Amino acid sequence: MNGMPALPACVGSVRRQTHREWEHLVQDGGSTDGTVDWLSRQTGLNWRSGKDGGMYDAINQAWARSTGDILSWLNADEQYLPETLEIVRRHFESDPNTDAVFGDCILVTPEGRPLAARKEIPLRGWYAVNGTLYVQSCTLFCRRRMVERFGGFDTSFRIAGDKEWILRLYYGGARFRHVPAYLALFSSDGGNLSLHPAMKPESVRIRERFSAFRVRPLRLIPRFFRTAEKLCRGCYGWHRVRYEHTKNETGCSEEVRAVVGSRWMWPKRNEEERAARGRLRGGA
């Protein structure tokens, strides 16, 4: 809701996909910022605008009227990279037993400047239920049969519904595959939903629902193993990235090349740390 001015670029990132067989639905919660007027002028979009029960209810509604076999969702301030749908298609076709696919993402400012390169590891329920969900929703795709079998989002959650849904699929036997490739851009303006007042009670509900360790010190054990696995797989440190940041609904884009760290930080700190590492390297 009220996703302008980021929405046109999000739509443009779908329109410029190298894989052309897709269906794009927009579910708007009754925006008052010009979104509806903009949507009414677009072609190739199946859109609706009206009252809903929140973000997760909106996704459920859109999926209910969709026709594709593979489902995903983007928030207005997120973008797919140009080859994302083609990469995902190949992985699903190569293994009919794969139920869901997710990949890596690049965190950027609203203007497209890189903040962090988030490389991940295969989904392990033990890690996620006792810690942070590291499947970024903007990189996640699942077969429709998973929604038909396990249902959509639990709309009683306002912030952490994606974590509950993913764990529900995982512990129900869904087969997740991690694709070691950047699939999406995740935009941040410095806010963090983990600080929302609703996050803590929802996190407690999820831990209880999926039998996480009750004592916090014990929850540090799987977090340690996750960190160790990421370290062994080369997820941490500095990474050279090259990506295209879509600017508008026509798919006009700007190419960005950078060396960016794995930690989420703002650009100035990124540059200062990179310079410090250069000085240390030179002093050696």
Report summary line: When restricted to Glu78, Glu23, Glu93, the only residue at pLDDT 95 or above, out of contact with any strand residue (DSSP E or B) (no Cβ under 8 Å at 6 or more places or on another chain) and at negative phi is Glu93
Query raised in the report: Does segment 7-17 include one or more residues that are surrounded by fewer than 18 Cβ atoms within 10 Å (Cβ to Cβ) and within 25 Å of Glu148 (Cβ to Cβ)?
Result: no
Requested in this report: Identify, by number, the condition in (1) assigned to a helix (DSSP H, G or I); (2) more than 18 Å from Leu140 (Cα to Cα); (3) in contact (Cβ under 8 Å) with a residue 40 or more places away in the chain that Gln42 doesn't meet.
Outcome: (1)
Query - Of residues in segment 74-117 being closer than 15 Å to Cys138 by Cβ and among the polar types (S, T, N, Q), the one farthest from the chain's Cα centre (by Cα) - result: Thr84
Report summary line: Counting only residues in segment 129-155 that are over 25 Å from Ala62 (Cβ atoms) and more than 15 Å from the chain's Cα centre (by Cα), the one surrounded by the fewest Cβ atoms within 10 Å (Cβ to Cβ) is identified as Gly131
Query raised in the report: Under the condition of being of a type in the set (S, T, N, Q) and part of a helix (DSSP H, G or I), which residue from segment 157-207 is modelled with the highest pLDDT?
Result: Ser203
Query raised in the report: In segment 45-65, how many residues are touching a residue at least 24 places away in the same chain (Cβ under 8 Å) and touching a Leu at 6+ places or on another chain (Cβ under 6 Å)?
Result: 2
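The values are calculated or read from the model by the stated rules, or taken from the named source; none is laboratory data. Computed from a predicted structure; not experimentally measured. Here Cβ is always computed from backbone atoms with ideal geometry, including for glycine, and neighbour counts include all displayed protein chains.
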